[in-house]
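The values are calculated or read from the model by the stated rules, or taken from the named source; none is laboratory data. Computed from a prediction, not measured in an experiment: that's the story for all the values here. Glycine also receives a Cβ, built like all others from the backbone with ideal geometry; neighbour counts cover every protein chain displayed. Surface areas here come from the heavy atoms of the whole protein model, side chains and all, with no ligands, DNA or RNA. Shrake-Rupley method; radii C 1.70, N 1.55, O 1.52, S 1.80 Å.
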Amino acid sequence: MKFSVDKQEKVVSISLQEEKLNSLTAPKLKSELIILREEGYRNIVFDLSEVKFVDSSGLSSILVGNRICKEAGGTFVICGLNEQVQKLIKISQLENILSIFLTKSEAIDYALLEELERDLKQ
């Protein structure tokens, strides 16, 4: 699986550099998400700009990312969805569960804003 990781102080972004997020790539993605969580990152932006196809295993890996961030009191955001992936998320009724943005910069801004709001509540 090809991907890039950009670790910042409060948020980490993962850009998948594959056309498919499927049963071949999803287990590696899940492992990477868990490793990032263990490293202390609780805000993750997942950029799917290069992904053209997602299957049920891919959706499962996205939901794992969402769950581990929420359990850690953080934010999981996906961005860069093409039309086919957007339809799959809508059909799966996940658009109300996942935080979805058009661009990576919007997604990062949202995750940072959520983190700031959590900090202010403490």
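Among (1) touching a helix residue (DSSP H, G or I) at 6+ places or on another chain (Cβ under 7 Å); (2) within 19 Å of SER15 (Cα to Cα), where does ASN82 come up short?
(1)
Does LYS70 satisfy the criteria of being over 18 Å from ILE108 (Cα atoms), out of contact with any Phe, Trp or Tyr (no Cβ under 6 Å at 6 or more places or on another chain) and charged (D, E, K, R)? I'd like the intermediate steps shown before the answer.
On the way: over 18 Å from ILE108 (Cα atoms): no; out of contact with any Phe, Trp or Tyr (no Cβ under 6 Å at 6 or more places or on another chain): yes; charged (D, E, K, R): yes.
Here the answer is no, as LYS70 does not meet what is asked.
Which ones in the stretch 69-85 are farther than 21 Å from GLU18 by Cβ and open to solvent by less than 20 Å² (accessible area, probe 1.4 Å)?
CYS69, GLY74, THR75
Could you list, ordered by first residue, the pairs with Cβ atoms under 8 Å in which the first is in the stretch 61-88 and at positive phi and the second is charged (D, E, K, R) and crowded, with 21+ Cβ neighbours inside 10 Å, at least 6 apart or interchain?
Hits for this filter: GLY73/ARG42; GLY80/ASP47.
For LEU88, only one of the following conditions fails: (1) farther than 18 Å from ILE108 by Cα; (2) crowded, with 19+ Cβ neighbours inside 10 Å. What is its number?
Every condition holds for LEU88 apart from (2).
Being open to solvent by 20 Å² or more (accessible area, probe 1.4 Å), under 20 Å from GLU95 (Cα atoms) and of a type outside the set (Asp, Glu) narrows it down to one residue among SER4, SER56; which is it? Spell out the reasoning first.
Values: SER4 fails: under 20 Å from GLU95 (Cα atoms).
Exactly one of SER4, SER56 is open to solvent by 20 Å² or more (accessible area, probe 1.4 Å), under 20 Å from GLU95 (Cα atoms) and of a type outside the set (Asp, Glu), namely SER56.
If I ask for residues that are among the hydrophobic types (A, V, I, L, M, F, W, C) and open to solvent by 50 Å² or more (accessible area, probe 1.4 Å), which ones from the stretch 7-44 would you list?
Step one: filter the stretch 7-44 for residues among the hydrophobic types (A, V, I, L, M, F, W, C), giving 11-12, 14, 16, 21, 24, 26, 29, 33-36, 44.
Scanning the stretch 7-44 gives LEU24, ILE34, ILE35.
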